[in-house]
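S.K.: Structure incoming, see below.
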Amino acid sequence: MAFLDLQNVSKSFGGHSVLTNVNLSIREGEFVAIVGYSGQGKTTLISMIAGLLKPDSGTVTLDGTPITGPGPDRGLVFQNYSLLPWLTVYENIALAVEQVFPQWDAPTRQAHVDKYIAMVKLSHAKDRLPKQLSGGMRQRVSVARTLAIQPRILLLDEPLGALDALTRATLQDEIGGICQSEGKTVILITNSVDEALLLADRIIPLTIGPGATLGETVPVNLARPRNRTELNHDPEFKRLRAQVTNQLLSFNSTRQTTLTRKLILPDILPEDLDKPRVHRPPRRLSEEKSENVTIA
Amino acid sequence: MNKFKFDWLILPLVGVLIVLSVWHGVAGKKIFVTDAAGAIIEEKRIGLIPDLPNVVETWTSSLPYIKEPFAKRGEMDQGILRFTWYSLVLVAQGYAIALIIGVPLGFFLGLSPTFTKMFDPLIQVLRPVSPLAWLPLGLVLFMRAGPEAGTYAALFTIALCGMWPTVLNTAVGVRAVPQDYLNVGRVLKLSRWKMLTKILIPATLPYMFTGFRLSLGISWLAIVAAEMLTGRPGAGGFLWQEYNALIYEHIIFSILTIGLVGLILDRLMSLVEARFKATS
């Protein structure tokens, strides 16, 4: 019995089919990465697992129970951090902890929050507001907030998409380490094949819409802990990267492009830059009385 | 530094001087017609607008009210700050009523599309109605309230006119709460009350304070109208009574006072508003 199970899930928005017949089953403790192009329904898929969206057809079950709405058993790390800007780092996490563990007394909760702030190495910044933090720090807070509610499954929706390459690499290592030590079931949504290979046990490519669905699973049997510098020379890593990349590129070649709008070019003619610059209005094609054509 | 002073001190002063001189130029002047012996036969006013008091007359005539701002010589003859204080107290009460009604109304409008469809057209009709039009209705409503009817009518007018900017800004603010924040609340399964106090209200505060500032401005507009019609002592009541007493200098004096107090109130509110915008 799969831990998380999606059966023939479809979703469309305003008559446009986004996802069709998505089938996915994930075992407990597994780290699955879903890789795909931007705007092809990755966020829609994870929102349905989180319960923020309802599928048009098909079922989503967690541990045998159908998912009907959002809940703290599925911890969602949002793409854009979604920290509440009027609360400090500590308060943001404490709000979540108070809500999910109302039975705990204040010192227990406080220790719990502090533990997760320390886990993402932000103890020095716990009384700062989100606007006083860098992008990477904000995403760390977001991860800590999600982990602190101890969800049964962790949903990472392009968590590192908005970060620069260096911060991204650091956070990949941190998230990888934390997930490994906590032994959580994780679904990572990403558009980076390298990120998926570094973190996941299994990579599932998402095909291209309209009506995208999940492609063929690629198991990642690289030894853990994975080191990004060593991996770059690992032949198995290279082979897997080529395989996933090719699979993704093959989706793209089948994509049909249709032109639905007439292109209107600006009504302006090029300037002769050899002539001295004088202030004059731009030449417009529609205003030209005659055109000189030189034939060599 | 010099340039700075020039911008905020010299240029505004030049503007004020220009307006004062134009006023003085078109205003009337008192002259005495004397006979050959030098005895005064009559006094008359000359000038482009003979009855408009000039700058000097306005100043000398207003001086007693400024010199003793808290004096109370009679019901309608009091120092200017005393009058202003009466008006401010009434505005504060009406404004408080406006906020107490306006904020929840704004939240309902922002949260419920059904509620919006039901009441938005009505609000759009009532919103542009002038304070002068509401006051008679207020007087009718509180006719049986005895001697305080005028006060209640004034409060009714201030609350009703001052409410709309708060209502509409709160509604816009609630609708503008980012979906991400709401999703955080949904994932955590916050109760309705917690959703309101922890997410909706903090996220809406900057909008609400813009509404509060505009509401205060309108309340101050309404108080003058209300006082003029009910004849209560206050900045507006003073203006109307001096018009009836043919002391035109005091009309200009009252207008300036009302304007200055309005400006100060607006500045104070923008300070508060800026604080709230900065923290969110």
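S.K.: Within the stretch A:172-197, track down each residue that is buried (at least 22 other Cβ atoms within 10 Å of the Cβ) and either of a type in the set (A, V, I, L, M, F, W, C) or part of a loop (DSSP other than H, G, I, E, B) (or both).
M.R.: A:Ile175, A:Val186, A:Ile187, A:Leu188, A:Ile189, A:Ala196, A:Leu197
S.K.: Is at least one residue of the stretch A:245-264 assigned to a loop (DSSP other than H, G, I, E, B), more than 43 Å from the chain's Cα centre (by Cα), at pLDDT 75 or above and not basic (Lys, Arg)?
M.R.: Taking every residue of the stretch A:245-264 in turn, none turns out to be assigned to a loop (DSSP other than H, G, I, E, B), more than 43 Å from the chain's Cα centre (by Cα), at pLDDT 75 or above and not basic (Lys, Arg).
S.K.: Identify, by number, the condition in (1) in a helix (DSSP H, G or I); (2) at pLDDT below 85; (3) more than 20 Å from B:Leu246 (Cα to Cα); (4) not basic (Lys, Arg) that B:Ser21 doesn't meet.
M.R.: (2)
S.K.: Out of the residues in the stretch A:75-105 that are of a type in the set (Gly, Ala, Ser), under 22 Å from B:Thr204 (Cα atoms) and at the interface with chain B (Cβ under 10 Å from one of its Cβ atoms), state the one that is surrounded by the most Cβ atoms within 10 Å (Cβ to Cβ).
M.R.: A:Ala96
S.K.: From the list B:Tyr181, B:Tyr152, which residue is at the interface with chain A (Cβ under 9 Å from one of its Cβ atoms), in contact (Cβ under 8 Å) with a residue 12 or more places away in the chain and of a type in the set (Ser, Thr, Tyr)?
M.R.: Exactly one residue qualifies, and that residue is B:Tyr181.
S.K.: Considering (1) over 19 Å from A:Gly176 (Cβ atoms); (2) in a loop (DSSP other than H, G, I, E, B); (3) in contact with a helix residue (DSSP H, G or I) (Cβ under 8 Å, 6 or more places away or on another chain), say which one A:Thr68 fails and leave the rest.
M.R.: In the conditions (1) over 19 Å from A:Gly176 (Cβ atoms); (2) in a loop (DSSP other than H, G, I, E, B); (3) in contact with a helix residue (DSSP H, G or I) (Cβ under 8 Å, 6 or more places away or on another chain), A:Thr68 misses (3) alone.
S.K.: Name the one entry in A:Val22, A:Val9, A:Val32 that is among the β-branched types (Val, Ile, Thr), in contact with a Pro (Cβ under 7 Å, 6 or more places away or on another chain) and either crowded, with 22+ Cβ neighbours inside 10 Å or in a helix (DSSP H, G or I) (or both).
M.R.: That would be A:Val9, the only listed residue that is among the β-branched types (Val, Ile, Thr), in contact with a Pro (Cβ under 7 Å, 6 or more places away or on another chain) and either crowded, with 22+ Cβ neighbours inside 10 Å or in a helix (DSSP H, G or I) (or both).
S.K.: Is it the case, given these coordinates, that B:Leu135 is surrounded by 15 or more Cβ atoms within 10 Å (Cβ to Cβ), farther than 17 Å from B:Tyr207 by Cβ, within 14 Å of chain A (Cβ to nearest Cβ) and not polar (S, T, N, Q)?
M.R.: Answer is no for this residue.
S.K.: Counting just the residues of the stretch B:98-128 that are of a type in the set (Gly, Ala, Ser) and assigned to a helix (DSSP H, G or I), which one comes out farthest from B:Ala203 (Cα to Cα)?
M.R.: Per the stated criteria, the residue is B:Ala98.
S.K.: Just need a number here: residues in the stretch A:39-70 that are farther than 29 Å from A:Arg128 by Cβ and crowded, with 19+ Cβ neighbours inside 10 Å.
M.R.: Number satisfying all stated conditions: 13.
The values are calculated or read from the model by the stated rules, or taken from the named source; none is laboratory data. Just so you know, these numbers come straight off a predicted model, no measurement behind them. Glycine also receives a Cβ, built like all others from the backbone with ideal geometry; neighbour counts cover every protein chain displayed.
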